[in-house]
């Protein structure tokens with residue numbers, strides 16, 4: 001009887017060889033078709049009579065205890081609600097820029113800011129620039145104060161307090177003429193009062209201009225502006241305005257009123273911007289311009305931020 005040699009199998013009778021071929025073919029088929037264990041992710045040996053434990057096998061008591069343990073903070077990813085929000089940037093302190101042209105000092109620029117300190121108390125600081133300033137030097141009883149062409153550069157600082165609709169700012173400042181390389185005057189004290197309620201806006205400025213520390217004493221005077229506006233709408237307000245100057249050392253040789261224009265003011269407000277127009281009549285004859293011109297005016301543009 002002829003024997004069969006298959007790979008490393010030993011020589012057997014034909015019946016044994018057929019059995020060997022059959023077993024080898026079954027092994028090959030078992031290697032070609034994935035078993036349920038392989039489908040579940042565990043590869044079983046093709047001739048293993050007992051397949052290894054699959055992943056779905058019951059876990060041990062220790063494993064079940066670990067699986068049921070609550071997740072720790074380290075294992076739990078942070079959710080957006082648990083993440084601390086980023087701190088909002090601190091808003092800048094309130095400030096303003098004002099550009100004016102008027103009968104008294106020509107072109108003027110104001111800019112300032114109020115730094116909050118505690119509650120309703122703040123520190124106001126700003127600058128004031130003018131191309132002209134009035135001078136009483138050389139004036140006589142028959143002539144109005146002359147306008148001196150120069151540059152006025154002033155720095156102001158002082159406390160500010162806000163009580164509901166009422167705001168009070170008290171400042172002091174010093175002015176320089178940088179072109180002439182000299183100090184001009186002190187502007188102290190200054191008082192700014194603002195009252196803003198539903199339909200009414202009142203504002204008052206008070207300046208004390210002291211030339212005497214640097215110049216002749218008869219130039220010291222007080223300047224004030226006062227206006228009361230009725231708000232016809234959110235963008236339109238109008239009302240009377242009164243300005244005046246008082247010489248502290250003598251009006252052309254005697255103390256008293258230097259200027260007293262009376263008129264009306266109109267404010268047009270669009271968001272943070274206001275256009276202001278004042279037109280008045282100079283009631284003090286000695287303060288009128290050439291040719292006894294009594295009309296005075298002021299135009300302003302204010303931006304708040």
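The values are calculated or read from the model by the stated rules, or taken from the named source; none is laboratory data. Just so it is clear, the model here is predicted, and its values are computed rather than measured. Neighbour counts are summed over all protein chains in view; Cβ atoms, including those assigned to glycine, are modelled from backbone coordinates with ideal geometry.
Yes/no per residue for (1) surrounded by 15 or more Cβ atoms within 10 Å (Cβ to Cβ); (2) modelled with pLDDT of 95 or more:
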| residue | (1), (2) |
| --- | --- |
| 162 | yes, yes |
| 190 | yes, yes |
| 194 | yes, yes |
| 210 | yes, no |
| 225 | yes, yes |
| 236 | no, yes |
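Can we say residue 249 is free of Cβ contacts under 8 Å to residues at least 60 places away in the same chain and in contact with a helix residue (DSSP H, G or I) (Cβ under 7 Å, 6 or more places away or on another chain)? Against the criterion (free of Cβ contacts under 8 Å to residues at least 60 places away in the same chain and in contact with a helix residue (DSSP H, G or I) (Cβ under 7 Å, 6 or more places away or on another chain)), residue 249 qualifies. The one condition from (1) in contact (Cβ under 8 Å) with a residue 40 or more places away in the chain; (2) within 37 Å of the chain's Cα centre (by Cα) that residue 235 does not meet is (1).
Taken across segment 161-171, residues that are under 29 Å from residue 286 (Cβ atoms) and touching a residue at least 24 places away in the same chain (Cβ under 8 Å) do not occur at all.
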